[in-house]
Amino acid sequence: MFYLLLALGACVVIATAVRRGSQTALALAVTLTFVFPCWMYRDAGGVRLDLRQCLSMLAIACCLLDPRVRLGGRLVLTDLLVVALAVSNVASEMANDIVTVTMMANIVIVWLLPYTIGRLLQLDAQGLRRAVPWIAGGVAFIALFAVIESITRVNITHLITGHEGSLQGNTDFRWGLRRAEGTLTHPIFFGMVLVMTLPWTIEAARRARARVAPDWYRWLPWITAGGAFFTMSRGPQLAILGTMTVVAWFRSRAWRPILTCAAIVVVLVVTLGQSAVVNLLHAWSGESKHEMVEIRGELYEYSGTTHRLLQWIVFRDAIDHAGWLGFGSTPLMSGKNRLPHVEEHLREKFSSIDNHYIEFTLRCGYLGVVLFVGLGLTAIVYLVGPALQTTGELSWFAATLAGAQLLVLLNLAAVWFATDFSFVWLFNVGIAASIRSTILGSRTATTARRAVLLPRHLCPGHPA
């Protein structure tokens, strides 16, 4: 099945590149990365290649071979940060274990490949018109798929491919509904992807309101939000609401003071009323039975919700000793928690570190987590300017993308950065960098035009 889907996707991408250009082929390849199952892969030594990565490399090759496409543009800070992040990962592995060439290649592919796709995707007025129908349609398709899966409790992709699915998707029903995971390996990961792809469907709806796209595009954001809801994961559900709040903040000056005050109130409530918030989250997910766990000689109430909070206590000493390069990936392999400075009886229960900032600090050290946060925040800063414009072609898209990236950064305090959705997050960072590079390039061109001296005339009408 892997090779069949790969051959089908490759034929479609190549045919599109020949007939419609490499940029359209790139947009189509991005769509296929959402639609094709991410659990299909092949290992080549230390390199693991899934369908998304193979099709992405093919689309990038089409762009590189297309003489009509202008590559590169202005160098921006995120270009340096993402390379530094990949290098810090390699350095961490070298400091803690034996590193092979294939392992280094795998790190480069995971971090740089999705970023490069977003960097190459040109999103000027023509680029948006070219990419939105493909990508927004693919996002709406998988979101509708999630709704059907949750209600019927049947994942068609699992039946066709023989994939078992996650424990949470198969057994953890909430409100009588299955937690949809679509073409990914976990409901939370699927919900995160829908949050980060919401900008495409909102842009499609905006174009429909402007009567430059089919009228039914107006429904695409609602379908996407519904798909995120039917993952029955609290993080993505809240992230959809948070993203729409950020969009309203950018697009409405009248609402900015109100939304700013509301955000401050929410932060204060979460900080000061932690117990009440935890109880609310327990009720939200239907968690009723809680066990007790001993950490550092004290008993704590343990549940799927409090697991996220207790991790800070369990791994506190390990974080203190992580250093600049961390402990590498070997002690953090799934189900094999071999980290030092962790109580032995807690290793199995906390083998899953559901917090990217804790997990990444332990794996790549202080340097890795600082570079990661810097990369994410820099990409959001790039989007602020276009998002605040009142008439810009990219204003709505930039506002939604900034909100989605920010909310996912916040949600990473409750989920690890799995490649299932990290692919889309890095792709979005690449898009933000592409937008920033285009803006800088246009400013340089404008300045150059202004610097051209007009010919001097000796008197009105004089030819010299």
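The values are calculated or read from the model by the stated rules, or taken from the named source; none is laboratory data. Every value quoted in this text rests on a predicted model; they were computed, and no experiment measured them. Heads up, the Cβs are rebuilt from the backbone with ideal geometry, glycines too, and the neighbour counts pull from every protein chain shown. Protein only, heavy atoms only, side chains kept; ligands, DNA and RNA dropped before computing areas. Shrake-Rupley method; radii C 1.70, N 1.55, O 1.52, S 1.80 Å.
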Item to check | Sequence ranges 184-192, 340-348, 232-240, ranked by mean other-Cβ count within 10 angstrom, highest first | outcome: 184-192, 232-240, 340-348
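So if we plug the beta-carbon distance of Val83 and Val266 into 1/(1 + (r/R0)^6) with R0 = 25 Å, what FRET efficiency do we get, rounded to 0.05? Present the calculation step by step, with values, prior to reporting the outcome.
Numbers: r = 36 Å, r/R0 = 1.43.
After rounding to 0.05, the efficiency reads 0.10.
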Checklist entry - Out of residues 5 or more away from Tyr302 or on other chains, whose amide H comes under 5 Å of its own, with H placed 1.01 Å from N in the peptide plane? => result Glu291, Met292, Val293
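Please give the length that would be gained between Phe173 and Thr391 if that part of the chain were fully extended, namely 0.36 nm times their separation in residues minus their C-alpha to C-alpha distance (nm, one decimal).
Working: separation 218, 0.36 × 218 = 78.48 nm, distance 4.46 nm.
74.0 nm is the gain from fully extending Phe173 to Thr391.
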Item to check | Cα lying deepest toward the dipole's positive end in segment 1-154, options Leu26, Val110, Thr16, charges on Cβ | outcome: Thr16
Checklist entry - What accessible area per residue comes out for segment 307-387, rounded to a whole number of Å², with a 1.4 Å probe? => result 42
Next on the checklist: With unit charges on the beta carbons (Lys and Arg positive, Asp and Glu negative) and the dipole taken about the Cα centre of segment 295-413, which residue among Leu325, Gly385, His307 sits farthest to the positive side?
Outcome noted: Leu325
Next on the checklist: Below 8 Å between Cα atoms, with a sequence gap of 6+, how large is the relative contact order for segment 36-107 in percent?
Outcome noted: 37
Checklist outcome for this item: With +1 on the Cβ of every Lys and Arg and -1 on the Cβ of every Asp and Glu, the dipole magnitude of the chain about its Cα centre, in debye rounded to the nearest 20, is 2280
Checklist entry - Peptides 131-137, 305-311, 224-230: what's the order by average Cβ count within 10 Å, highest mean first? => result 224-230, 131-137, 305-311
Item to check | Segment Ser275-Leu65, extension gain: residue separation times 0.36 nm, minus the distance between their alpha carbons | outcome: 69.9 nm
Checklist outcome for this item: In nanometres, the difference between 0.36 nm per residue of separation and the alpha-carbon distance of Ala15 and Val212 is 68.3 nm
Item to check | Angle in degrees between helix 256-272 and the longest Cα principal axis of the chain, rounded to the nearest 10 | outcome: 20
Item to check | Note, ³J(HN,Hα) from phi for segment 21-27, Karplus 6.51, -1.76, 1.60, rounded to Hz, x at Gly and Pro | outcome: x, 5, 5, 5, 4, 5, 4
Checklist entry - Among 267-279, 244-256, 77-89, 425-437, what's the highest-first ranking by average C-beta atoms within 10 angstrom per residue? => result 425-437, 77-89, 244-256, 267-279
Item to check | Portion, in percent, of the accessible area of the chain that falls on carbon or sulfur, probe 1.4 Å | outcome: 66
Item to check | Residue-normalised accessible area of segment 141-205, expressed per residue, 1.4 Å probe, Å² | outcome: 36
